[in-house]
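The values are calculated or read from the model by the stated rules, or taken from the named source; none is laboratory data. Small disclaimer: the values here were computed from a predicted structure and weren't measured. For neighbour counting, all protein chains shown are included, and Cβ atoms are generated from backbone atoms with ideal geometry for every residue, glycine included. Ligands, DNA and RNA are excluded from the accessible area calculation, which covers all protein heavy atoms including side chains. Shrake-Rupley method; radii C 1.70, N 1.55, O 1.52, S 1.80 Å.
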Amino acid sequence: MSHTVEKIGGTSMSQYRAVRDNIVLHNRKAGDYYRRMLVVSAFGGITDGLLECKRTGAPGVYATYADAEDDGAWEQALDNVSQRMAQINEEMFGATPERLLADSFLQERISGIRDCLHHLRQVCAFGQFQLDEQLQTIRELLAAMGEAHSAHNMVLYLRQSGVNAVLMDLTGWRDDEALALDDALTRALARVDLSSQLPVVTGYAHCREGLMSSFDRGYSEMTFSRLAVLSGAREAIIHKEYHLSSADPRLAGEDNVIPIGRTNYDVTDQLSNLGMEAIHPQAAKGLRQQGIPLRVRNTFEPDHEGTLITTDYRSPSPCVEMVAGRRNLFAVELFDQDMVGRVSHYAEGFTDELDKMQLNLVAKDMNANTLTYYLAGNRKQVQRLVGALQRRFANAEVNTHKVSLVSAVGSDMNIPGLLARSVGALNQARVPVRAVHQSLRAVEMQFIVDDEHYEQAVVSLHDELVHTHADTVALAVA
């Protein structure tokens, strides 16, 4: 079928008028609204309230329920987030009949969740039942609430404009069985007619595999990807509040950055490693294998074609497409004079301890007697790792440093003198380079800098490698 599957992020969902006007209705006649599926995230901030704040770690309903011994704390957190959801209903629908439908849906779901959490507490009062064993299920139940609310609201909102929107609720609410993900999606797809209906799909999909256990809050990207693959979509589209640009506009300046325009899945993998996911690598895998292009568009610039990501794209001429990075990393340095000739033994032990701590490895380097891993995580986890390494390698010296990583990324960066130009730009900006790595694949070049120099490093590299050579990048975009 000639249809698209389109994912709408939480920040864009909060701008529901822009979703309606720029994504659904834009330059379309009544009969042209269809042959699309919209996979929606929760409204901005709602999942933070249901789980925990992704940016600060502040506890939401889930974190409070998991830690609190009494019901008062988590119930107050649930009341807070449900009030915010009700406020969204009021803002979207005012005094219209749709408001009553939205409020009724919300109250029924929140009441069911509240009863479930109460009953689970009562059951776990018996020694044979342990709350820890049920926490992942509770996390999924709460996360699903956010997408159910936003999807249901968007269906009502689009119907007000004459769009035949239908709810594809994949949350498993009151279902008595859990299917495999592909089976659940296939069954849901069989119930819709894409030629005359616009399915609005919950980003969370209840399934036997348990998406959150593998992808945590990246679960909506797997739902989006598998829907595109199983339905044979001609294109998968992600709508964000910003373009996939040559740098963070908040650092490099909105007037200096440019949309990438074209790139490949290799580049998106590098961005994912930096915590700047265009799409989760496992979600991209299915699209890549099926040859489905991925397009990243700006919700607020509906006439812009965005950035098209394909498997086989290479820039017409070698260039740097983006300067990106990751702050607040920990460099864990393992030095042992006895490592010479036995680096693989130490690396295996290092990786083994790393896996136990559930830290994210972003980069690494080595020489004859030193291994340095650059890790994303909190200080407590890193301290536990250091203790484990010191116990495992009794004669080794283990040091940690707080650093940032800045990368130049592109589909083809085989540019003579690129490393020298980059180091020169950083030196001129008075940014000390702690470590550097340039791979043979020529899709990324990494610089490790002290945390306080991160912003200046991004700006100086973008000015040198992208902004001052904008004509080359513009050619790649075209």
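Results for (1) of a type outside the set (D, E, K, R); (2) in a loop (DSSP other than H, G, I, E, B); (3) within 28 Å of the chain's Cα centre (by Cα), shown as yes or no for each residue.
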residue	(1), (2), (3)
ALA73	yes, no, no
ASP79	no, no, yes
SER82	yes, no, yes
GLN87	yes, no, yes
GLY112	yes, no, no
CYS116	yes, no, no
LEU120	yes, no, no
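Across the stretch 306-316, what is the number of residues that are open to solvent by 40 Å² or more (accessible area, probe 1.4 Å) and either modelled with pLDDT of 90 or more or of a type in the set (S, T, N, Q) (or both)?
Of the residues in the stretch 306-316, the ones open to solvent by 40 Å² or more (accessible area, probe 1.4 Å) are 311-312, 314, 316.
Then drop every residue that is not either modelled with pLDDT of 90 or more or of a type in the set (S, T, N, Q) (or both), which leaves 311.
So the count comes out to 1.
One line per residue, one yes/no per condition, for (1) open to solvent by 70 Å² or more (accessible area, probe 1.4 Å); (2) among the hydrophobic types (A, V, I, L, M, F, W, C); (3) touching a residue at least 60 places away in the same chain (Cβ under 8 Å); (4) within 28 Å of LYS356 (Cβ to Cβ):
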site: LEU371; (1), (2), (3), (4): no, yes, no, yes
site: LEU375; (1), (2), (3), (4): no, yes, no, yes
site: ASN378; (1), (2), (3), (4): yes, no, no, yes
site: ARG391; (1), (2), (3), (4): yes, no, no, yes
site: VAL406; (1), (2), (3), (4): no, yes, yes, no
site: ILE415; (1), (2), (3), (4): no, yes, yes, no
site: ALA429; (1), (2), (3), (4): no, yes, no, no
Query - All positions within the stretch 344-356 that are surrounded by fewer than 16 Cβ atoms within 10 Å (Cβ to Cβ) and of a type in the set (A, V, I, L, M) - result: none
**Report entry** Lone unmet requirement of (1) closer than 24 Å to ASN22 by Cα; (2) surrounded by fewer than 19 Cβ atoms within 10 Å (Cβ to Cβ); (3) of a type in the set (Phe, Trp, Tyr) for PHE215
**Finding:** (1)
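Across the stretch 439-457, what is the number of residues that are within 9 Å of ALA408 (Cα to Cα) and in contact with an Asp or Glu (Cβ under 7 Å, 6 or more places away or on another chain)?
Here is the first cut: in the stretch 439-457, the residues within 9 Å of ALA408 (Cα to Cα) are 443-447.
Next, from what is left, pick out any that are in contact with an Asp or Glu (Cβ under 7 Å, 6 or more places away or on another chain): 443.
Matching residues across the stretch 439-457 total 1.
Yes or no, residue by residue, for (1) more than 24 Å from ALA143 (Cβ to Cβ); (2) among the small types (Gly, Ala, Ser):
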| residue | (1), (2) |
| --- | --- |
| THR11 | no, no |
| SER14 | no, yes |
| ARG20 | yes, no |
| GLY44 | no, yes |
| THR47 | no, no |
| LEU51 | no, no |
| ALA58 | no, yes |
| ALA73 | no, yes |
| ASN80 | no, no |
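Go through the stretch 148-195 residue by residue and tally those that are open to solvent by less than 50 Å² (accessible area, probe 1.4 Å), part of a loop (DSSP other than H, G, I, E, B) and over 17 Å from PRO97 (Cα atoms).
Just the residues of the stretch 148-195 that are open to solvent by less than 50 Å² (accessible area, probe 1.4 Å), to begin with: 148-158, 161, 163, 165-166, 168, 170-172, 178-181, 184-185, 188-189, 192, 194.
When the remaining residues are screened for being part of a loop (DSSP other than H, G, I, E, B), the result is 161, 163, 170-172, 178-180, 192, 194.
Still in the running and over 17 Å from PRO97 (Cα atoms): 170-172, 178-180, 192, 194.
Count: 8.
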Query raised in the report: Pairs, please: C-beta under 8 Å, at least 6 apart or cross-chain, first residue in contact (Cβ under 8 Å) with a residue 12 or more places away in the chain and under 11 Å from MET92 (Cβ atoms) and in the stretch 12-27, second aromatic (Phe, Trp, Tyr) and assigned to a helix (DSSP H, G or I)?
Result: TYR16/TYR157; ARG20/TYR157
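If you check ALA331 against the conditions, is it open to solvent by less than 10 Å² (accessible area, probe 1.4 Å), closer than 20 Å to ASP450 by Cβ, modelled with pLDDT of 90 or more and small (Gly, Ala, Ser)? Before you say what the answer is, go through the steps one by one.
Working: open to solvent by less than 10 Å² (accessible area, probe 1.4 Å): yes; closer than 20 Å to ASP450 by Cβ: yes; modelled with pLDDT of 90 or more: yes; small (Gly, Ala, Ser): yes.
So ALA331 passes the test.
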Query raised in the report: Among all residue pairs at least 6 apart or on different chains, which show Cβ distances below 6 Å where the first residue, located in the stretch 40-55, is without any contact (Cβ under 8 Å) to a residue 24 or more places away in the chain and more than 21 Å from ALA205 (Cβ to Cβ) and the second is assigned to a loop (DSSP other than H, G, I, E, B) and open to solvent by less than 30 Å² (accessible area, probe 1.4 Å)?
Result: GLU52/GLY60
Report summary line: Of the residues in the stretch 37-53, those that are surrounded by fewer than 19 Cβ atoms within 10 Å (Cβ to Cβ) and either outside any loop (DSSP other than H, G, I, E, B) or in contact with a helix residue (DSSP H, G or I) (Cβ under 6 Å, 6 or more places away or on another chain) (or both) number 1
Requested in this report: Starting from the stretch 188-210, take each residue that is of a type in the set (S, T, N, Q) and list its partners that are outside any loop (DSSP other than H, G, I, E, B), counting only C-beta distances under 6 angstrom and pairs at least six apart or across chains.
Outcome: GLN197/VAL166; THR202/GLU147; THR202/ALA148; THR202/ALA151
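Of a type in the set (D, E, K, R) and within 20 Å of GLY172 (Cα to Cα) - does that describe any residue in the stretch 76-91? Let's see the steps before the verdict.
Within the stretch 76-91, the subset of a type in the set (D, E, K, R) is 79, 84, 90-91.
Subsequent filtering for residues that are within 20 Å of GLY172 (Cα to Cα) retains none.
Checked against the condition, which is being of a type in the set (D, E, K, R) and within 20 Å of GLY172 (Cα to Cα), the stretch 76-91 yields no hits at all.
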Query raised in the report: Is it the case that some residue within the stretch 122-133 is of a type outside the set (Phe, Trp, Tyr), more than 29 Å from the chain's Cα centre (by Cα) and assigned to a helix (DSSP H, G or I)?
Result: yes
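Any residue at all in the stretch 27-39 that is farther than 28 Å from ARG139 by Cα and hydrophobic (A, V, I, L, M, F, W, C)? Break it down into steps so the answer makes sense when it comes.
Kept after step one, since they are farther than 28 Å from ARG139 by Cα, are these residues of the stretch 27-39: 27-36.
From the residues that got through so far, the ones that are hydrophobic (A, V, I, L, M, F, W, C) too are 30.
Yes, the stretch 27-39 contains at least one residue that is farther than 28 Å from ARG139 by Cα and hydrophobic (A, V, I, L, M, F, W, C).
Return yes or no: is ASP255 free of Cβ contacts under 8 Å to residues at least 24 places away in the same chain and more than 24 Å from GLN446 (Cβ to Cβ)?
On the way: free of Cβ contacts under 8 Å to residues at least 24 places away in the same chain: yes; more than 24 Å from GLN446 (Cβ to Cβ): yes.
In short, yes.
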**Report entry** Pair list, Cβ < 9 Å and 6+ apart or interchain, from the stretch 433-457 residues that are among the β-branched types (Val, Ile, Thr) to residues that are part of a helix (DSSP H, G or I) and open to solvent by 10 Å² or more (accessible area, probe 1.4 Å)
**Finding:** VAL433/VAL423; VAL433/ASN427; VAL436/LEU419; VAL436/VAL423; VAL443/ASP266; VAL443/ASP269; VAL443/GLN270; VAL449/GLN456
